[in-house]
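First comes the structure, then the notes that go with it.
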Amino acid sequence: MTVATSWTSTSGVSAELWPEEQAMLAGGPGRATEVAVVSLVEAGALRISRDGLVSAVQGPPRSWTPLQSFVLGSVPRPLGELVAAGARSGQAQALRQQLISRGYVRTAGAVRAVRWLRRLFFLAWLGSIVWSIFGDLPFWAVFAGFFVWMFLAAMTYPFVRPLTRAGRRAVRRLRTVVVTSDRVPLVACYGLLGRVSGQYVWQVLGIDPVAAATLRRRRKSDGSSGSASCGSGCGSCSSSSCGSSSDSGSSDSGSSSDSGSSCGSSCGGGCGGGGGD
């Protein structure tokens, strides 16, 4: 499929992932939508007015990604509302499912199962304390149980994070190679509301402050399906979009009127805030 030339990065960002996919991992579905919007602007297919209205620009037929096609079919619309709508779209959720199938993101069910298992371990240890107080369980058994619980908690910790090792590695790689001259990867890493070199990303991109004001920071859990935010590194979300809650806790950008849904994942590692789940 031929996509916008603005998708081609010169910064050395991983060739195995498209910017939308990198954005989904870093900040969730809202972040991925921001990337779709910015890439279309870079390709000359969209324009953002001073008051934040995103509208299409007539041009020769092109082939777009599903999320880009959704964005094109949803304009004219205020920037914030467009990002929020894209975060809730079936195209964004399909993008997340692709990342799950490729081993970058865990399913929400798998993450929940491990979290419940950890709770059961903890409850069992609390039960041993009660047993030692009101029963005949020796104190050394409670003490030993504590270390068993700590060991099991440490062993299962990586599996309560929405991103797999490959997903976290991809986000770290994005964060280390992205540069301000690569506008689309910049948005993928930081989100429009993120900051880089003392400036908001929307300022770096030349978006009018009035247009940027239509965006809002959201919990990564806003705007996605149950676990969706794939964030674990550059957080705009944090997007839950890849796993029910990402690795850290950033926030996404979306419409000021939209309450969003879920995809929250905590984006561990500090890239910034911006569109997310």
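Among the residues of region 26-43, which ones are over 8 Å from the mean Cα position of the chain (by Cα) and aliphatic (A, V, I, L, M)?
Passing the criteria: Val35, Ala36, Val37, Val38, Leu40, Val41, Ala43.
Just a yes or no: is a residue in region 68-83 more than 23 Å from Thr214 (Cα to Cα), open to solvent by less than 40 Å² (accessible area, probe 1.4 Å) and either among the hydroxyl-bearing types (Ser, Thr, Tyr) or not in a loop (DSSP other than H, G, I, E, B) (or both)?
no
Considering only residues of region 151-188 that are open to solvent by 90 Å² or more (accessible area, probe 1.4 Å) and in contact with a helix residue (DSSP H, G or I) (Cβ under 9 Å, 6 or more places away or on another chain), which is nearest to Val201 (Cα to Cα)?
Arg165
Could you list, ordered by first residue, the pairs with Cβ atoms under 9 Å in which the first is in region 104-116 and in a helix (DSSP H, G or I) and the second is modelled with pLDDT of 85 or more and buried (at least 17 other Cβ atoms within 10 Å of the Cβ), at least 6 apart or interchain?
The qualifying pairs are Ala108/Pro162; Val111/Pro162; Val114/Arg106.
The values are calculated or read from the model by the stated rules, or taken from the named source; none is laboratory data. Treat the numbers as computed from the prediction; the structure is a model and nothing was measured. Ideal geometry is used to build each Cβ from the backbone, glycine not excepted, and the neighbour counts take in all protein chains shown. Just so you know, the surface numbers come from the protein's heavy atoms only, side chains and all, with ligands and any DNA or RNA stripped out. Shrake-Rupley method; radii C 1.70, N 1.55, O 1.52, S 1.80 Å.
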